[in-house]
1. Take every DSSP beta bridge with both residues inside the chain and express the antiparallel ones as a percent of the total, to the nearest 5.
2. Using 0.36 nm per residue, how much length does the chain from Leu35 to His15 gain when fully extended, once their Cα-Cα distance is taken away?
3. Using modelled backbone amide H atoms (1.01 Å from N, in-plane), which distant-in-sequence or interchain residues come within less than 5 Å of Ile61's amide H?
4. So how much slack lies between Phe28 and Asp67, counting 0.36 nm per residue of separation and subtracting their Cα-Cα distance, in nm?
5. Summing +1 for each Lys or Arg and -1 for each Asp or Glu, what net charge is found among the other residues whose Cβ lies under 13 Å from the Cβ of Gln77?
6. Between Ala45 and Glu76, what length comes free when the chain is fully extended (0.36 nm per residue of separation minus the Cα-Cα distance, one decimal in nm)?
7. Would you mind checking the tilt of helix 68-77 against the longest principal axis of the Cα atoms of the chain, expressed as 0 to 90 degrees and rounded to 10?
8. Could you give the accessible area per residue of the chain, probe 1.4 Å, as a whole number in Å²?
Amino acid sequence: MKLTLMFREYCSLCHQMKAQLQPWQQEFGFTLEVLDVDADEALEARYNELVPVLLAGETEICHWHLDEEKLRAYLEQH
C-alpha cells in the first residue's frame, strides 16, 4: 500500500506530519511517497493552502495535522 504526502520543504507542519507517520509505517508497512507541491504547478494549484495533505490515491485522509483516527480507520480497512 502506498500513501502520498503533499509537502513543502519550508513547512514545519509538513515535517511534523512526516515524522508522525514513521511509527504508522512501521506498524502497517505502507510506503510513503513525499511530493513537493512547489515543484509542480498543478500540485501547487490544487494543494497550495492545504499542505501537508495525506492521500491514499485520490482520497484525502487528512490535511494540516495528522488525524490518527482517520488514518487508523483507512489502514485497517485496507
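1. Counting only bridges with both partners in the chain, antiparallel ones make up about 55 percent.
2. 6.0 nm is the gain from fully extending Leu35 to His15.
3. Leu54, Leu55, Ala56
4. 12.5 nm
5. Surrounding charge for Gln77 is 0.
6. Result: 8.0 nm gained on full extension.
7. Relative to the chain, helix 68-77 is tipped by roughly 60 degrees.
8. With the other protein chains kept in place, the chain gives 62 Å² per residue.
The values are calculated or read from the model by the stated rules, or taken from the named source; none is laboratory data. This structure is a prediction, so every number in the text was calculated from the model and none was measured. All Cβ positions, even for glycine, are placed from backbone atoms using ideal geometry, and neighbour counts span all protein chains on display. We work out accessible area using only protein heavy atoms, side chains counted, and drop any ligands, DNA or RNA first. Shrake-Rupley method; radii C 1.70, N 1.55, O 1.52, S 1.80 Å.
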